[in-house]
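Undergrad: Below are the structure tokens for one structure; questions will follow.
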2 protein chains.
Amino acid sequence: MVDANAQSEAYNAITYPENATASYPMNPEMIKVACSNCNLRELCMPVGLNHDEMVKLDHVVSTRKRVKQGGHLFSHGDPFTTLYAIRTGYFKTCVNTEDGREQVTGFQMAGEIIGLDGIVSDKHNCNAVALEDAEVCIMPFENVEELSREFPVLQRHVHKIMSREIVRENGVMMLLGNMRAEERLAAFLLNLVQRLHARGFSQSEFVLRMTREEIGSYLGMKLETVSRTFSKFSEDGIIEVKQRNVKIINPEALKQIYNPQTCT
Amino acid sequence: MVDANAQSEAYNAITYPENATASYPMNPEMIKVACSNCNLRELCMPVGLNHDEMVKLDHVVSTRKRVKQGGHLFSHGDPFTTLYAIRTGYFKTCVNTEDGREQVTGFQMAGEIIGLDGIVSDKHNCNAVALEDAEVCIMPFENVEELSREFPVLQRHVHKIMSREIVRENGVMMLLGNMRAEERLAAFLLNLVQRLHARGFSQSEFVLRMTREEIGSYLGMKLETVSRTFSKFSEDGIIEVKQRNVKIINPEALKQIYNPQTCT
DNA sequence: TTCTCTGTTTGATGTATATCAATGAGTTTT
DNA sequence: AAAACTCATTGATATACATCAAACAGAGAA
């Protein structure tokens, strides 16, 4: 029903120098990189730069780094030095209570920026875990700030990224505080499909990268409730679900269930 | 048991030119202002600036504005042009669903910055409502960005403020997604008292500026549950409550109830 | 193939919190 | 001072979701 690998591999096709790792013998996971010919540019970098500016911007990103499925890009308490732009793969960010409860605070995909939580205290305040083998661009925050002072358009872009994250979290608070299970899951699916569509994927079919438990953690419900709500949607003919393969049959019905907040 | 007005009036004592409003005849709510002698400086501005830098920073803040209790500092959809630093009074920020449900996304007090939600789309994405008569400093975002490019210390400060908001919201997501009513209220009270203490108020006694319903909206529970939980804490000898007056008798017990996340 | 493991689905039952309802306390208006 | 209003408290009952439990499905490993 859905090609399980299409989402990831579309971006694995990006080329970079074959000998890149050779210049960083101490860390084979580090890879040299240039934004100016990255096809995710519009997703993670400001638009409307001239050639000179693009060349300078290349210096923001120093190298790349690979993270295996289940691996931590960073963990709570790690010193913060850099932001990361996701190139391929999916991540979750999460915080934990002392007694081991986990709250997923977001799912991130290609082109999205991760690590903003670390700026305030120079330490990361959450964990970033790869949901599948992933590759990120390393953007040392010193560089970002330095170039931001030089390029107002980059400065504005950085501010917008942070503001977008604040607004996104406002929306999650609304979900968690005011909405019922069906509304939460509808909102989640609509958001996911919208972001995938912006990356050139189908508006209707996709593969979930996370478990029912992780979805539940994000949406403040138990995995059984997530599963039951999927089944309910399926019985109602709104979606087709088979394990992690999802096909949206009736997006309008989903939108109706998710009484959309005026603030989106 | 608690002096209901102390919190507000402590900051009303700040002086500013008596004839300030006269220079803005078109809008008597606008008041000229200087940060360099504002006693909230350390709360809303970076520390470690020399005299010249301070003078320049004064230009970030153009004027002040008063908002009456219940008045909107800004509303969802309003064009975004400026950040606001709260000088006196308390605010809530909230978002609404189409069908009228409200989610309070935060309570803000003196020295805190409000309006970051507007940067991403040049429109405000939430409402800011004064919980009591309030006064804010207007900081046109153009000015903030311009001076940020000039002063790395201000730039870093702005980034930290935005990052802090992201981390705060992560914590609220944890509350809403994983915690029970008692844990939520304990966390809320501890956070409030900590912020008030940082402003020179008592660590134990304070006056709530918001209704049970607003607390409930913030914490994802109904006003009756908020009230019952207050009563429970009171019966257990952890706090004393009378209407909006709260006295914390046993802060350790509160901390124990609020199984603190490792991420704070 | 069969075994094992992890993740998913579905059913039966329990519970924290919501809902409905009435009373009470403070504050402002008349 | 009484009336009218908003906000808070408390009780009785309802319910959405959690919890407990068992079966099931797909992916690797032996």
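Undergrad: For region B:58-67: of the residues being open to solvent by 10 Å² or more (accessible area, probe 1.4 Å) and assigned to a loop (DSSP other than H, G, I, E, B), which is farthest from the other protein chains (Cβ to nearest Cβ)?
TA: Of everything passing the filter in region B:58-67, B:Ser62 is farthest from the other protein chains (Cβ to nearest Cβ).
Undergrad: I would also like to ask the following. It is to be established whether one or more residues within region A:107-117 are in contact with a Pro (Cβ under 8 Å, 6 or more places away or on another chain) and within 14 Å of chain B (Cβ to nearest Cβ).
TA: No - not one qualifying residue is present in region A:107-117.
Undergrad: Here is a list: B:Thr211, B:Thr229, B:Thr225. Which entry is within 14 Å of chain A (Cβ to nearest Cβ) and closer than 19 Å to B:Glu240 by Cα?
TA: Result of the check over B:Thr211, B:Thr229, B:Thr225: B:Thr225.
Undergrad: Next up: Would you mention how many residues in region A:206-224 are more than 8 Å from DNA strand C (Cβ to nearest atom) and open to solvent by 50 Å² or more (accessible area, probe 1.4 Å)?
TA: 1
Undergrad: Please count how many residues of region B:215-264 are touching a Lys or Arg at 6+ places or on another chain (Cβ under 6 Å) and within 8 Å of DNA strand D (Cβ to nearest atom).
TA: Matching residues across region B:215-264 total 3.
Undergrad: OK, next. Would you be able to tell me the number of residues in region B:148-158 that are part of a helix (DSSP H, G or I) and open to solvent by 20 Å² or more (accessible area, probe 1.4 Å)?
TA: 6
Undergrad: Does any residue of region A:235-243 turn out to be within 17 Å of the chain's Cα centre (by Cα) and within 16 Å of DNA strand C (Cβ to nearest atom)?
TA: no
Yes or no, residue by residue, for (1) free of Cβ contacts under 8 Å to residues at least 12 places away in the same chain; (2) out of contact with any Phe, Trp or Tyr (no Cβ under 8 Å at 6 or more places or on another chain):
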| site | (1), (2) |
| --- | --- |
| A:Met173 | yes, yes |
| A:Arg180 | yes, yes |
| A:Glu183 | no, no |
| A:Asn191 | yes, yes |
| A:Ala198 | no, yes |
| A:Phe201 | no, yes |
| A:Ser204 | no, yes |
| A:Val207 | no, yes |
| A:Tyr218 | no, no |
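Undergrad: Go through region B:69-106 and count every residue that is touching an Asp or Glu at 6+ places or on another chain (Cβ under 8 Å) and aromatic (Phe, Trp, Tyr).
TA: 2
Undergrad: With (1) open to solvent by 10 Å² or more (accessible area, probe 1.4 Å); (2) assigned to a helix (DSSP H, G or I); (3) over 28 Å from B:Val95 (Cβ atoms); (4) more than 9 Å from DNA strand D (Cβ to nearest atom) as the list, and B:Glu182 as the residue in question, which single condition is left unmet?
TA: Among (1) open to solvent by 10 Å² or more (accessible area, probe 1.4 Å); (2) assigned to a helix (DSSP H, G or I); (3) over 28 Å from B:Val95 (Cβ atoms); (4) more than 9 Å from DNA strand D (Cβ to nearest atom), the lone unmet condition for B:Glu182 is (3).
Undergrad: Does B:Arg168 qualify as being within 24 Å of B:Glu102 (Cβ to Cβ), more than 16 Å from DNA strand C (Cβ to nearest atom) and in the same structural domain as B:Arg41 (by TED's automatic domain parsing)?
TA: yes
The values are calculated or read from the model by the stated rules, or taken from the named source; none is laboratory data. Computed from a predicted model, the values in this text were never measured in an experiment. Here Cβ is always computed from backbone atoms with ideal geometry, including for glycine, and neighbour counts include all displayed protein chains. Surface areas here come from the heavy atoms of the whole protein model, side chains and all, with no ligands, DNA or RNA. Shrake-Rupley method; radii C 1.70, N 1.55, O 1.52, S 1.80 Å.
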